[in-house]
Amino acid sequence: MDNNPSDLLPVGAHALSADPRLADAVRQIGSTYGYDYFDDGAVRKTLSEHEAALRRLGRGGLVWAGSLATAVGIVWLVWAAAGKPDNMAVAAAPPAALLVLALAAFVQVNLQGRRKLRHPFLEGYRHVLAAARAHGAPVAFVPAWLTGRGGAALDVAPLPSYATPAGAPATGVRATPVAPPPKPAEVEEYERIADQGGWHDEAGWILVVAGAVGVGYAVVKDLPAAYASVLLIALGIWTWLSGHRLGRRQRELSGEALRYLDELTRSQASGAPVHELSPPLRKLLDTRL
């Protein structure tokens, strides 16, 4: 198996087979859709292929053409309106038509993406994850691309609802001789600081520029009190340096977090349950894919 964090599965075959009722449900799902969801290697490979196809679609020619047509159409429309033509409708017709074509391209990409998400393998795998959750099996994460989640955090193809059989409460995964690796302190620190920062550079430069303007005003107008704006320059430099240190620490710890994800991948293959990843680790996993 390739030692890569992207190999980490939402749920492994050991976890799916630990509960007999869940194993039976997964077998029925596999029979319905024609796939063996207990074969971790095949599941990993097929998921990777479908994700790559969706990524190619999102970066394909239609998206580029639609984006270019949108930019040209908007600029053309503004230019036409600025010219104050005698007949605005006639002047705006060509750029409006270009914008309509751009919208049609984006709609086509969206429809193609929805069709890809409805592939029988992916439909079945979403049922597998829903069943695993309903039976209490540890699901490390649900890939955002698998549910078609966009910027609005809406699922185009959400996990289906699944109810465990009446009269038989979910038992979850039974005891396993393989334990997941302990989480290192560096990884816990990464989870705490991963989402911090991101504003230091902008804030630092704004403060420096504001301070420089204040000092310039003090020189021109000969106002001694305005020289106090030099403090803004010092504050801006301190802010920038703080952000630089934070970013460097985040990069250092992200290496430890990636190694931890490697260990989770290996332990999952050995039968250890991998419980739900924290949002920072999930985001790191997404960026590594």
**OP:** Return the Cα extents of the range 179-261 along principal axes one, two and three, sorted largest first, each rounded to a whole Å.
**Re:** 71, 14, 14
Subject >> Full-extension gain in nm, Tyr227 to Glu188, via 0.36 nm per residue minus C-alpha separation >> reply: 9.6 nm
Original post:
Quick one: how many Å² of Val142 are accessible to a 1.4 Å probe, rounded to 10?
Top reply: 40
Subject >> Cut-off under 5 Å, modelled amide H: who pairs with Ala194 long-range >> reply: none
Subject >> Segment Gln28-Leu246, length gained on full extension (0.36 nm per residue, minus Cα span) >> reply: 73.5 nm
Original post:
Separation of the range 192-230 and the range 49-97 by C-alpha centroid, Å?
Top reply: 39
Original post:
If Val139, Val230 are ordered by their accessible area, calculated over protein heavy atoms with a 1.4 Å probe, which sequence runs from highest to lowest?
Top reply: Val230, Val139
**OP:** Compute the Kirkwood hydrodynamic radius of the range 45-154, taking the inverse of the mean of 1/r over all pairs of distinct Cα atoms, and give it in Å to one decimal.
**Re:** 16.8
Subject >> 0 to 90° range, to nearest 10: angle between helix 61-82 axis and the chain longest Cα axis >> reply: 30
**OP:** Tell me what the chain gives for mean residue ellipticity at 222 nm when only DSSP H runs of n ≥ 4 count, each as -39,500 (n - 2.57), the sum divided by the residue total, rounded to 500 deg cm²/dmol.
**Re:** -22000 deg cm²/dmol
Original post:
Ignoring ligands and nucleic acids, what accessible area does Arg192 show with a 1.4 Å probe (Å², nearest 10)?
Top reply: 150
Original post:
Considering the range 249-289, what Rg and Dmax in Å follow from its alpha-carbon atoms?
Top reply: 10.6, 33
Subject >> Base-10 log of normalised Debye intensity for the range 93-134 (one unit scatterer per alpha-carbon) at q = 0.24, 0.25 Å⁻¹ >> reply: -0.78, -0.80
**OP:** Note the angle between two axes, namely the Cα long axis of helix 40-58 and the longest principal axis of the Cα atoms of the chain, as a number of degrees from 0 to 90, rounded to the nearest 10.
**Re:** 30
Original post:
So how tilted is helix 20-33 from the main axis of the chain? Cα-based, degrees 0 to 90, rounded to 10.
Top reply: 70
Original post:
Over the range 1-103, one equal point on each Cα, no solvent: what is log10 I(q)/I(0) by the Debye formula at q = 0.13, 0.14, 0.16, 0.22 Å⁻¹?
Top reply: -0.65, -0.69, -0.79, -1.09
Subject >> ³J(HN,Hα) computed for each position of the range 254-265 - Karplus, 6.51 cos²θ - 1.76 cosθ + 1.60, integer Hz, glycine/proline x >> reply: 5, x, 5, 5, 5, 5, 5, 5, 4, 5, 4, 4
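The values are calculated or read from the model by the stated rules, or taken from the named source; none is laboratory data. It should be emphasised that the depicted structure is a prediction, and the values quoted were computed from it without experimental measurement. Each accessible area value is taken on the protein alone, full model and side chains, heavy atoms only, with ligands, DNA and RNA left out. Shrake-Rupley method; radii C 1.70, N 1.55, O 1.52, S 1.80 Å.
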